[in-house]
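Participant: First, the structure itself, so that you have it in front of you.
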Amino acid sequence: MTAFFSHPAFFKHEMGPHHPESPERLWAIHDHLTRKGLLPLLDIHEPSQAADQDILRVHTVDHLDRLVAASLKDKAYQALDPDTAMNPHTLNAGYLAAGAVIKAVDLVLAGKARNAFCAVRPPGHHAERNAVMGFCFFNNIAVAAAHALEVHGLQRVVIVDFDVHHGNGTEDIFANDERVLMVSTFERSIYPFTGDIPMGSNMINVPLDAYSDGTAMREAVEFQWIPAIEAFAPELILVSAGFDAHREDDMSHLLWTDQDYAWLSEQLVKVAAKTCGGRIVSSLEGGYHVDALARSVAHHVDALLSG
Ligand SMILES: [Zn+2]
């Protein structure tokens, strides 16, 4: 059983006309999952809002206070960094996105779902402990990891991040936390221009060269991620699932295909089956070519369904 989380509020957060992180991304995913006959196979859930204490496991009080204060200003758009803005629906969507990954962790750890995909907006992996960044407000996957560790008492959680941009926020939050192993690939020398040198010994960062195709990613997964995950023996695998390394996505210069996302997702399902009873909670990050995003998500969900 694969759980699927969505909420109408995720469609209401938007950052202005022509912003690439748009509600159209989710419409495309829903349409394509329906067209492929996958949606009826999923156990569909609507999340409730995360509590402040869930957010504050990974963010500072100042960070939360700034977002709440900004949300009270009642402006159509409130710019928080050069490419990140709030509208009147953003804070609610942010709490619900964090609430989705928390509920997904609860379901998977209770054995009520084998794994889960959270089709959330806003994304999270650039949000640092004390900073909004790169379309991200609350670091959803970090909230999920902290919930698993501190509420469920897990001792070892893996975070996989295959978004084309380095997950600087997640690294900021968990560097040198020995309860977490983070493995990632990202394109070298693009936004946020971090990650070449990991901030902690629990980070396996594999920068990929511009214009490299899925072969380089497959080598990283096979020879660096999988052995490290197996040695770590996680109790749960969390995934920051970004689909912007796709060759049709002009947010990057990597040349991954639909089949690369299918292969990668199958590897994650396999290593989860081997190490942690198949327990995966995956949450949407980037992916800006809406057709390529929707197709790639369908391959990802298809792999989860086979898990
Ligand atoms: Zn990205």
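The values are calculated or read from the model by the stated rules, or taken from the named source; none is laboratory data. Note that this is a predicted model, so its numbers are computed, not measured. Every residue, glycine among them, receives a Cβ derived from its backbone with ideal geometry; neighbour counts consider all protein chains shown. Remember, those area values only see protein heavy atoms, side chains included, never the ligands or the DNA or RNA. Shrake-Rupley method; radii C 1.70, N 1.55, O 1.52, S 1.80 Å.
Participant: Report yes if residue 70 is closer than 13 Å to residue 5 by Cβ and surrounded by 15 or more Cβ atoms within 10 Å (Cβ to Cβ), otherwise no.
Facilitator: When the stated conditions are applied, residue 70 does not pass them.
Participant: A further question follows. Run down 2, 60, 90, 34 and say which single residue is in contact with a strand residue (DSSP E or B) (Cβ under 8 Å, 6 or more places away or on another chain) and modelled with pLDDT of 95 or more.
Facilitator: The conditions single out 2.
Participant: Hey, which of the strands (runs of 3 or more DSSP E) in segment 38-131, taking only ones fully inside, have at least 1 residues that are of a type in the set (Ser, Thr, Tyr) and under 25 Å from residue 163 (Cα atoms)?
Facilitator: Of the strands (runs of 3 or more DSSP E) lying wholly inside segment 38-131, those with at least 1 residues that are of a type in the set (Ser, Thr, Tyr) and under 25 Å from residue 163 (Cα atoms) span 84-86.
Participant: If you go through segment 97-146 one residue at a time, how many are open to solvent by 10 Å² or more (accessible area, probe 1.4 Å) and away from the ligand (no atom under 16 Å from the Cβ)?
Facilitator: Residues in segment 97-146 being open to solvent by 10 Å² or more (accessible area, probe 1.4 Å) and away from the ligand (no atom under 16 Å from the Cβ): 12 in total.
Participant: Name the pairs: first residue in segment 7-27 and part of a loop (DSSP other than H, G, I, E, B), second residue open to solvent by less than 30 Å² (accessible area, probe 1.4 Å) and among the hydrophobic types (A, V, I, L, M, F, W, C), Cβ to Cβ under 6 Å, at least 6 apart or on different chains?
Facilitator: That search, which allows pairs on different chains as well, returns 7/96; 13/93; 15/85; 21/135.
Participant: Among the residues of segment 93-126, write down those that are among the small types (Gly, Ala, Ser) and in contact with a strand residue (DSSP E or B) (Cβ under 8 Å, 6 or more places away or on another chain).
Facilitator: 97, 100, 104, 113, 116, 119, 124
Participant: Hey, can you tell me all the residues within segment 22-40 that are buried (at least 20 other Cβ atoms within 10 Å of the Cβ) and within 20 Å of residue 89 (Cα to Cα)?
Facilitator: 25, 26
Participant: Within segment 275-295, count every residue that is outside any helix (DSSP H, G or I), of a type outside the set (Gly, Ala, Ser) and surrounded by fewer than 21 Cβ atoms within 10 Å (Cβ to Cβ).
Facilitator: 1
Participant: Being touching a Phe, Trp or Tyr at 6+ places or on another chain (Cβ under 7 Å) and of a type in the set (A, V, I, L, M) is the filter here, so list the residues in segment 28-77 that pass it.
Facilitator: 42, 44, 50, 55, 67
Participant: Restricting segment 211-258 to residues that are of a type in the set (Val, Ile, Thr) and more than 16 Å from the ligand (Cβ to nearest atom), which is farthest from the chain's Cα centre (by Cα)?
Facilitator: Among those that are of a type in the set (Val, Ile, Thr) and more than 16 Å from the ligand (Cβ to nearest atom), it is 215.
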